[in-house]
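Down below is the structure, laid out as structure tokens.
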Amino acid sequence: MADMRTPLNKVRGLGSARGGTEHFWRQRLTAVSNIPLIIFFIGFVAVYAGASYEEIRAALAQPVVALLIGFAFVSVLYHMRLGMQIIIEDYVHEEGWKIFLVILNTFFPIVVGATALYSLLRIAFGG
């Protein structure tokens with residue numbers, strides 16, 4: 001089959017629609033970054049299951065712990081957004097619903113991420 005990319009897109013490594021390859025790589029990179037971050041997060045939850053608020057706050061006050069959990073939130077939410085965008089674009093055929101869902105898919109991770117990061121910082125700094 002003939003290559004449908006323009007010469008400029010061949011050099012940039014982009015697909016025929018200009019953004020598919022970049023989207024593919026972002027989704028794969030976030031998937032790889034999620035592995036150690038989620039393992040850390042699950043380990044953190046397992047270690048501090050049943051701990052008092054003060055113990056958890058003291059653990060989250062450590063900068064490395066707070067950063068890793070914050071990175072986990074951001075990475076998982078961004079990965080979710082990328083995956084849901086593909087599902088919406090591939091399986092929602094009515095244009096009005098597609099636009100609505102893409103907009104919702106853009107703002108939902110922002111709201112959830114901002115809430116999670118705010119809560120994390122609030123606990124970490126003893127607010």
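The values are calculated or read from the model by the stated rules, or taken from the named source; none is laboratory data. Computed from a prediction, not measured in an experiment: that's the story for all the values here. Here Cβ is always computed from backbone atoms with ideal geometry, including for glycine, and neighbour counts include all displayed protein chains.
Inside the stretch 78-107, can you point out the residues that are of a type outside the set (D, E, K, R), in contact (Cβ under 8 Å) with a residue 12 or more places away in the chain and under 30 Å from residue 67 (Cβ atoms)? Selection gives 78, 79, 80, 82, 83, 84, 85, 86, 105, 106.
Residues being surrounded by fewer than 13 Cβ atoms within 10 Å (Cβ to Cβ), within 26 Å of residue 90 (Cα to Cα), under 15 Å from the mean Cα position of the chain (by Cα) and modelled with pLDDT under 95 are represented in the stretch 24-35 by at least one member.
Every residue, every condition in (1) under 20 Å from residue 26 (Cβ atoms); (2) of a type outside the set (Val, Ile, Thr), yes or no:
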{"position": "47", "(1), (2)": "no, no"}
{"position": "66", "(1), (2)": "no, yes"}
{"position": "83", "(1), (2)": "yes, yes"}
{"position": "86", "(1), (2)": "yes, no"}
{"position": "99", "(1), (2)": "no, no"}
{"position": "107", "(1), (2)": "yes, yes"}
{"position": "111", "(1), (2)": "no, no"}
{"position": "121", "(1), (2)": "no, yes"}
{"position": "125", "(1), (2)": "no, yes"}
